[in-house]
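The values are calculated or read from the model by the stated rules, or taken from the named source; none is laboratory data. Bear in mind that the values here come from a model prediction, so they are computed numbers and not experimental data. Glycine gets a Cβ as well: all are built from the backbone with ideal geometry, and neighbour counts include every protein chain shown.
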Amino acid sequence: MLRFSRVLLGSIYCLSTPVWADSAPQNQSVQEEIISLWAKPPLTEVLPHVPEQLSKHGAVSHVAVPRLVVYRPAHPNGTAVLVIAGGGYKQIERGKESIPAARWLQAQGITTFELIYRLPTDWPVSASFQDAQRAMHLIRAQAVNYQVQSNHIGILGFSAGGHLAGMTAVTTAPLYKAVDAADQTSARPDFAGLIYPVITLMPPFDHTSTRRELVGDHPTLAQSQTYSVNMQTLDQTPPTFLAQALDDPISPVDNSVLMFASLRAHHVPTELHVFQTGGHGWGLGQTNTQTTAWPALFLAWLKHNGDLLGD
């Protein structure tokens, strides 16, 4: 039975750790703190036709209740990160992407929020982007309660989750009507990490599930441009870290290269790491490839940009 309690912003309850998740280290909680994003989500007239599902590998699909899973560190350093797994906007690869990343960040003293977001397989396309924006609002509004500095809140996304994280970083306009005081805070991340991301929906790099789920098989030029992160980059886009493998068969490395070029054109601080091998979907890194170096490189980048990482 779930224990459920209403708080000022969102809803919080506890669940035991899923059985497929790795054992929690000594300084990490074995309970998950859950924050519901909405008292009443936008677009509630469209609901999944099937219950939420969890695969044997820890991938979630048919999300009806978008939420945050909170990973509190034993000794918070004042920085927070919203972590978004990929899955081609058809499912959310928690087991191999967002959970391992969240636990690693937690071990570094970073308060981590894992996003479980609505998917366009069940909802209008805007739902995923509303959920990510709402998550940033809630985290910033609750920063003091989590011992987080309100200007040290970043976003980290993988694959399609990298696309969602990137779009959240470049979007300045609200995507839904404000529902409470939290929505008066900024939804702009203070930094972004995009790991083997889908960036562009433009040919010839548009053979992805992300493109099919968001704009269909025959999108207009305007649709493809609207959802191409590199084409929405602004001077105000936050500092961005990029990592991808040269042999990525799903999201060509050109995605990160295009984003890197766009960030440079807008004079946004950025760092790009291209690994010779590694493929796609490697989470914290593919064994026996240099992709295992990216977490340390990301942490070093945060430290190099001293205003991004807390004490």
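Just to verify a result, which residue in the range 123-132, among those that are part of a loop (DSSP other than H, G, I, E, B) and surrounded by fewer than 18 Cβ atoms within 10 Å (Cβ to Cβ), is farthest from the chain's Cα centre (by Cα)? That would be P124. Pairs are defined by a Cβ separation below 9 Å, a sequence spacing of at least 6 or placement on different chains, a first member in the range 48-75 that is touching a residue at least 60 places away in the same chain (Cβ under 8 Å), and a second member that is exposed (fewer than 13 other Cβ atoms within 10 Å of the Cβ) and of a type in the set (A, V, I, L, M, F, W, C); the pairs so defined are S61/V50; H62/V50. Hey, among the residues in the range 253-288 that are of a type in the set (A, V, I, L, M), in a loop (DSSP other than H, G, I, E, B) and free of Cβ contacts under 8 Å to residues at least 40 places away in the same chain, which one's nearest to S228 (Cα to Cα)? For the range 253-288, the residue satisfying everything is V253.
If only residues of the range 152-175 that are in a loop (DSSP other than H, G, I, E, B) and among the aliphatic types (A, V, I, L, M) are counted, the one that is farthest from the chain's Cα centre (by Cα) is A173. Checked against (1) touching a Pro at 6+ places or on another chain (Cβ under 9 Å); (2) not in a loop (DSSP other than H, G, I, E, B), V83 passes all but condition (1).
Quick one: in the range 37-77, of everything that is more than 18 Å from A102 (Cβ to Cβ) and part of a strand (DSSP E or B), which residue is modelled with the lowest pLDDT?
Q53
Condition check ((1) of a type in the set (S, T, N, Q); (2) modelled with pLDDT of 95 or more; (3) under 16 Å from F113 (Cα atoms); (4) surrounded by fewer than 24 Cβ atoms within 10 Å (Cβ to Cβ)) across all residues:
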residue	(1), (2), (3), (4)
R134	no, yes, yes, no
A141	no, yes, yes, yes
V144	no, yes, yes, yes
Q147	yes, yes, yes, yes
I155	no, yes, yes, no
G161	no, yes, yes, no
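Please work out which residue is surrounded by the most Cβ atoms within 10 Å (Cβ to Cβ), limiting yourself to the range 188-216 and to residues that are assigned to a loop (DSSP other than H, G, I, E, B), of a type in the set (A, V, I, L, M) and under 20 Å from the mean Cα position of the chain (by Cα).
Quick first cut of the range 188-216, residues assigned to a loop (DSSP other than H, G, I, E, B) only: 188-191, 196-208, 216.
Filter once more, so that each one left must be of a type in the set (A, V, I, L, M): 198-199, 201-202.
Going one step further and asking which of them are under 20 Å from the mean Cα position of the chain (by Cα), we end up with 198-199, 201.
Values: V198: 32, I199: 30, L201: 23.
Ranking the qualifying residues of the range 188-216, first place goes to V198.
Residues T237, T291: which one is out of contact with any Cys (no Cβ under 7 Å at 6 or more places or on another chain), in contact (Cβ under 8 Å) with a residue 12 or more places away in the chain and either farther than 29 Å from T79 by Cα or assigned to a loop (DSSP other than H, G, I, E, B) (or both)? It would help to see each step written out before you state the result.
Details: T291 fails: either farther than 29 Å from T79 by Cα or assigned to a loop (DSSP other than H, G, I, E, B) (or both).
The unique qualifying residue is T237.
Per the conditions (1) in a helix (DSSP H, G or I); (2) closer than 18 Å to L299 by Cβ; (3) in contact with a strand residue (DSSP E or B) (Cβ under 8 Å, 6 or more places away or on another chain), the sole criterion not satisfied by W104 is (3).
Of everything listed in (1) assigned to a loop (DSSP other than H, G, I, E, B); (2) more than 20 Å from the chain's Cα centre (by Cα); (3) not aliphatic (A, V, I, L, M), the single unmet condition for D307 is (1).
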